[in-house]
Structures are given as C-alpha cells and as structure tokens.
Amino acid sequence: MRAFVMVAALLAVPLAASASNAPQSAIFSDPGTAQTCGPGGQPGAADPVENMLKNRVGMPATTTATTVAEFRNLPTHDKAARSTWTPEDLATFKALEDEPVRIVGYLKGVKSEGAEATNCKFTDRNGVDFHSWLVDTADVDQDRSWSAVAEITPRWRQANPAWTLAALQQLVADGAQVRISGWRLFDYEHPEQLPENNNKNPTRSTLWEIHPITMIEVATQAGWVELGATTAPAAKKLLRARPSKAPLPVTETNTGE
C-alpha cells in the first residue's frame, strides 16, 4: 500500500468562498427541452418515495462528519420498493436519511448518467445526474470497489452552474482532496454493483450514497474552499496527493472549516 503526502499545486478549476445555492423549486424545469419533472420523478414510477428523497432541495443547516467506511456498516435492505417495507424498517432508514452528512475523501471518477425514473427519464445533459465515486483515502489501491456513490442532481447543478462535468473531472485528474456534503440515502436498486455480488467489476462498496450533494469543497492551502465560479483559479493553491514514504493526510482539523 502506498502512502501519500499532500502537495500544493495551482488549482485548475474555479473556486468560490460564498455558500452553495439551494434550488428554488422541487420542480425541475429543463432549460434545454422546456420539460418539467416533479420531485416524485417519472409519473407511475415504481418508487416515488425514493425519488422524492433523491430530489430533495433543502440546504442542510448542519452536517455530520462520516466516512465511506462507516457507510459500509450501516443497515441494508433487500431490493424492493419502499411501499413494501415494514414500518420498523422505514423508521430505521428514515432516521439515517434525515441526517445530512459530509465526507472528506477523493473522487475516483465522475460521469454523466443516462435516463432514470427519478429524473423523469430525461436524457439531455441538463436533465440527468452526475454520478461520482468517492473514497476515503488517496491510496491508489482504493478503486471504485471501495467507494460510495455521490450524486449531483439536475436541480442542484442548475442552482450551482459551476458544478460542471469538466470541473469535477478536473478534480479527479488533480487528485484533489474534497469534502462532499449532502443528504444520506439508501439506494437499494443496485446490489449487483457490490463486491459480494460482483467479483469481476464491482463499482461500489455500499448502497448508501450522498444523494443529492448539496456542497462541494476543495482542500487548499487556505483551507476548505467551495467549488464555484467567482474566484480566479490562480488565487488558491490546491492540495493534492502524490505517492510518498511519509504519509501526512490532510484532515478537517488541519485544513480549516
């Protein structure tokens, strides 16, 4: 296993010190097609309750620090619509999904999703999720099979236009340390992606996600700075990881709140 230190590099993506913006409406209006999508997703969807959780628009007042490793130890449930869950299970998961969280880690990749019921089966770039894989450490041995999924929904991207696919993929390329905040959600729909069910190409370690993401911060020498569009790229220096014999991880404490 390789160790890493954090080194300074000029940031290649724009940052802003101002707060992230919450969507103004739970109804998404696609600027490219003029179509709208309600918080329950596609009419007649199999699980509108889960879609409404994925499409939350409230900005958390506070968040609880957690890790991908802790996500792996949370309760799980069979692949089944929430309408079939027991009252006890619904209460257990509600308590966890009502808690907004933040994770400090590294993005292993970001991609644009395809048509999903939660987004009314929209297929254009404006109307789909950006799907990212988040791991706890910069260790190169932690591939996507160690990750938790974190989703940027169309509503939150529309409210925060600097959260572009190019900017997010640049964070991956830079090896940037990030702090991702948002609503914790159990997405039971993808058990086939877990290592215990897929020994060829597992792409997540847990069905717990941050979904939706409500804030994206990047570690710099000046502390945590939000991904945004108002600060010149050269104004901050990014902290990124590189292999070293002497590990010196950047934590929430030593990079500032």
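Residues in the range 144-160 that are farther than 17 Å from Gly38 by Cβ and either without any contact (Cβ under 8 Å) to a residue 60 or more places away in the chain or of a type in the set (Phe, Trp, Tyr) (or both): Trp146, Arg157. Val140 - would you say it is more than 22 Å from Asp47 (Cα to Cα) and outside any helix (DSSP H, G or I)? Yes, satisfied. Looking for something surrounded by fewer than 22 Cβ atoms within 10 Å (Cβ to Cβ), farther than 13 Å from Ile213 by Cβ and modelled with pLDDT of 95 or more - is there at least one such residue anywhere in the range 147-154? So far as the range 147-154 goes, no, none of its residues is surrounded by fewer than 22 Cβ atoms within 10 Å (Cβ to Cβ), farther than 13 Å from Ile213 by Cβ and modelled with pLDDT of 95 or more.
Would you check if there is a residue in the range 69-92 being part of a strand (DSSP E or B) and either within 13 Å of Ile210 (Cα to Cα) or without any contact (Cβ under 8 Å) to a residue 40 or more places away in the chain (or both)? No: the range 69-92 contains no residue that is part of a strand (DSSP E or B) and either within 13 Å of Ile210 (Cα to Cα) or without any contact (Cβ under 8 Å) to a residue 40 or more places away in the chain (or both). If you go through the range 155-186 and pick out every residue that is over 15 Å from Pro23 (Cβ atoms), buried (at least 22 other Cβ atoms within 10 Å of the Cβ) and among the basic types (Lys, Arg), you end up with 1. Report yes if some residue within the range 4-18 is over 21 Å from Ile152 (Cα atoms), assigned to a loop (DSSP other than H, G, I, E, B) and modelled with pLDDT under 95; otherwise report no. Yes.
Counting the residues of the range 58-71 that are surrounded by 14 or more Cβ atoms within 10 Å (Cβ to Cβ) and touching a strand residue (DSSP E or B) at 6+ places or on another chain (Cβ under 8 Å) gives 7. The residues on offer are Asn126, Asn73, and the sole one that is more than 14 Å from the chain's Cα centre (by Cα), farther than 21 Å from Asn21 by Cβ and modelled with pLDDT of 95 or more is Asn73.
The values are calculated or read from the model by the stated rules, or taken from the named source; none is laboratory data. Just so it is clear, the structure is predicted and the values come from calculations on it, not from any experiment. When we count neighbours, we look across all protein chains shown, and the Cβ atoms used for this are built from the backbone with ideal geometry, even at glycine.
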